[in-house]
Structures are given as structure tokens and as C-alpha cells.
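Peer 1: Take this structure, written in C-alpha cells, and hold onto it; I'll ask about it next.
Throughout, read-outs are computed from the coordinates displayed, never taken from laboratory work. Here the structure is a predicted model, which means the values were calculated and not measured. Virtual Cβ from ideal backbone geometry, glycine too; neighbours counted across all protein chains shown.
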Amino acid sequence: MSPHRLQQPPERSRGQNGFLEVEAIGTYSNLASLREKYSDLRKRIHGSPMRPRLLRNQGPPRCSKRFLTARDVAEIVQKYESGNTTQEIGARYGISKTRVATVLREQGITIRRQGLTEEQANEATGLYIDGRSLAWLGARYRVSHTTVATALRRQGIPLRPRPGWT
């Protein structure tokens, strides 16, 4: 027999609340103060009142897709064709820009190319070289900073390291 005894797994039992209880601090753990705090905490938990179970109709409301009427869909198509972006339309109707794009595709509308135009990319290149940040440029052109970064890379512009990352 080995001089080291195999340690038995801790005894597991169900407490008053039906939850599985496991002894976290063993008898030989040499953490007397921690054991006392744990024992006190366990007594306080067992003495506290039970939480009532939530019924299905309680709690936060479930998120569901916003229902779009035929009129909403027609307005979305009209706004998109008049030049509004999917993000602007989504904000107006309380839906994501992805859902706006899905609605447009379902109506047979071709989605405009995303990103910066050639003119915007050239202007952004000059502003970036002059020291403007990707975030500033993104806000200016109403696109994400990553869209601006992609346009700059296509122009052959090396990106500056992020502040604090060097």
C-alpha cells in the first residue's frame, strides 16, 4: 500500500433548498478563520428566506422582432432609394441595419456598396495623414472606424499604432 492515502471525494448532500452542497474547506486545511467565515455564511444563507420562483409571465419581457407592416416596408424601400442609409432607417424603425438590408433584399432591392466612395477615401487619406484619427474619420463619414481603416489600406496608407499599444 502506498504511504499516501487516496483522498475520498467530499460527501455531497442536498440542502434544505434542494441545492447540492459541497464542503469547500476540508478538516485539515489549516484555514481556521476562513472556515469560521464560511460556516457563518452558510448559517446566514440557510436562515434567509427563499426567493419566490418566477412565473412565465413575470420577469423582463421577451425580445421579439418588431412587426413591420406593408406600409413600413414600402416606406423603408422609399427611404433607401432616396438615399438614406440602412443604419438611419433602422434607427427610425427600431430595427437593426441588418434587418433593414434583409427587408430590402426581400423586396428585390440591390443593396448599395458599403464603405467610402473613391472621393471620400481620397479625402480621408489626406485627413489621416494630417493626424486625424480613424474614429474621427468614421464619425465624419458616418461609417465605422474599421471601414475607414479598410479604405486607407486599399489606398496603400500604413496605419498608425493605437495610442498605448507600442
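Peer 1: Out of segment 107-122, which residues are exposed (fewer than 14 other Cβ atoms within 10 Å of the Cβ), farther than 21 Å from residue 74 by Cα and in contact (Cβ under 8 Å) with a residue 24 or more places away in the chain?
Peer 2: 114, 122, listed by residue number.
Peer 1: With the structure loaded, tell me whether residue 93 is more than 22 Å from the chain's Cα centre (by Cα) and among the aromatic types (Phe, Trp, Tyr) or whether it fails that test.
Peer 2: Taking the combined requirement at face value, the residue does not satisfy it.
Peer 1: Additional query: Can you tell me which residue in segment 149-166 is surrounded by the most Cβ atoms within 10 Å (Cβ to Cβ), limited to those that are of a type in the set (A, V, I, L, M, F, W, C) and part of a loop (DSSP other than H, G, I, E, B)?
Peer 2: Among them, the one singled out is 157.
Peer 1: Another one. For segment 92-142, give me each residue that is assigned to a loop (DSSP other than H, G, I, E, B) and under 25 Å from residue 161 (Cβ atoms).
Peer 2: 115, 116, 130, 131, 132, 133
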